[in-house]
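Participant: Mind looking over this structure? Questions follow.
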Amino acid sequence: MNLKKIITTLSLLLLLSCGYEPIYSKKQINSNYNFSINSINYIGDNRVDEILKSKLKKIINKEEKSTGLNLNLNSTLEKVITSKDKKGNPKRFSIKIIINLEIFEGEISKGNKKFEEKFEYNNKSKKFDLEQYEKNIRNNLISGLSVEIIRYLNSIR
């Protein structure tokens with residue numbers, strides 16, 4: 001019994017003193033990127049832009065630096081009926097989000113890239129359930145796109 005307490009205590013001490021730190025802690029966020037963003041201009045679908053703003057605001061510099069990047073994000077959201085039943089009612093939908101990214105360092109263009117995510121889903125019998133489901137899909141797609149944008153910006157610098 002006494003040996004179990006000693007082993008438990010030693011293993012607890014080893015685990016607590018290993019220097020673990022969360023990957024996405026606020027202290028680590030700014031040091032993980034080898035770029036800085038001065039400003040982001042959003043053009044396009046307002047729903048997409050609002051979610052993108054919340055995802056990307058963590059990496060925007062509060063003080064403007066001359067070496068930072070300026071981004072133009074042009075977003076579009078397309079909802080298309082992909083199939084109908086015999087009566088002509090929608091059976092399946094498709095949501096596609098497209099983001100065109102233009103990168104500037106000062107006034108010099110550093111390039112542009114197109115990001116695209118698509119998801120297909122079945123219709124729901126209740127409109128409210130369908131709207132909530134579409135909202136979740138939209139949020140998930142935009143979250144994935146924001147991660148892709150950050151990875152791309154990190155790779156070009």
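Taken together, the values in this text are just the output of simple stated rules run on the coordinates, not laboratory data. What you see is a predicted model; the values in this text were computed from it and never measured. Ideal geometry is used to build each Cβ from the backbone, glycine not excepted, and the neighbour counts take in all protein chains shown.
Participant: Assuming 0.36 nm per residue, please report the length gained on full extension of the stretch LYS91 to LYS118 beyond their Cα-Cα distance.
Facilitator: Details: separation 27, 0.36 × 27 = 9.72 nm, distance 1.71 nm.
Gain on extension, LYS91 to LYS118, equals 8.0 nm.
Participant: Another question about this same structure. Using label points projected 7 Å from each Cα along Cα→Cβ, tell me how many nm separate LYS84 and LYS110, to one decimal.
Facilitator: If labels sit at LYS84 and LYS110, their model points lie 4.8 nm apart.
Participant: Taking 19 Å as the cut-off for C-alpha to C-alpha distance, list the pairs among LYS53/LYS124; LYS91/LYS126; LYS58/LYS110; LYS55/LYS135; LYS114/LYS135; LYS91/LYS127 that go past it. Spell out each step's value before the answer.
Facilitator: Details: LYS53/LYS124 30 Å; LYS91/LYS126 13 Å; LYS58/LYS110 22 Å; LYS55/LYS135 16 Å; LYS114/LYS135 22 Å; LYS91/LYS127 13 Å.
Listed pairs above 19 Å: LYS53/LYS124; LYS58/LYS110; LYS114/LYS135.
Participant: What FRET efficiency comes out for the pair LYS126/SER54, r = Cβ-Cβ distance, R0 = 35 Å, nearest 0.05?
Facilitator: Numbers: r = 28 Å, r/R0 = 0.80.
For LYS126 and SER54, the calculated efficiency is 0.80.
Participant: Related question: What are the aspartates and glutamates whose alpha-carbon lies under 13 Å from the alpha-carbon of LYS79, with same-chain residues fewer than 8 places away excluded?
Facilitator: ASP45, GLU117, GLU120, GLU131, GLU134
Participant: Another question, if that's okay. Going highest first, how would you order 139-151, 117-129 by mean Cβ packing within 10 Å? All intermediate terms of the calculation are to be shown ahead of the outcome.
Facilitator: On the way: 139-151: 16.8, 117-129: 11.9.
So the order, starting with the most tightly packed, is 139-151, 117-129.
Participant: What does the charge add up to near LYS124, with Lys and Arg as +1, Asp and Glu as -1, over the other residues with Cβ less than 10 Å from its Cβ? Walk me through the intermediate numbers first.
Facilitator: Values: positive: LYS126, LYS127; negative: ASP129, GLU131, GLU134.
That works out to -1.
Participant: Taking θ = phi - 60°, what integer Hz values does the Karplus form 6.51 cos²θ - 1.76 cosθ + 1.60 yield along region 79-96, in sequence order, with x for Gly and Pro?
Facilitator: For region 79-96, the Karplus-derived couplings read 10, 10, 7, 9, 8, 10, 7, 5, 7, x, 7, x, 10, 10, 10, 9, 10, 10 Hz, x marking Gly and Pro.
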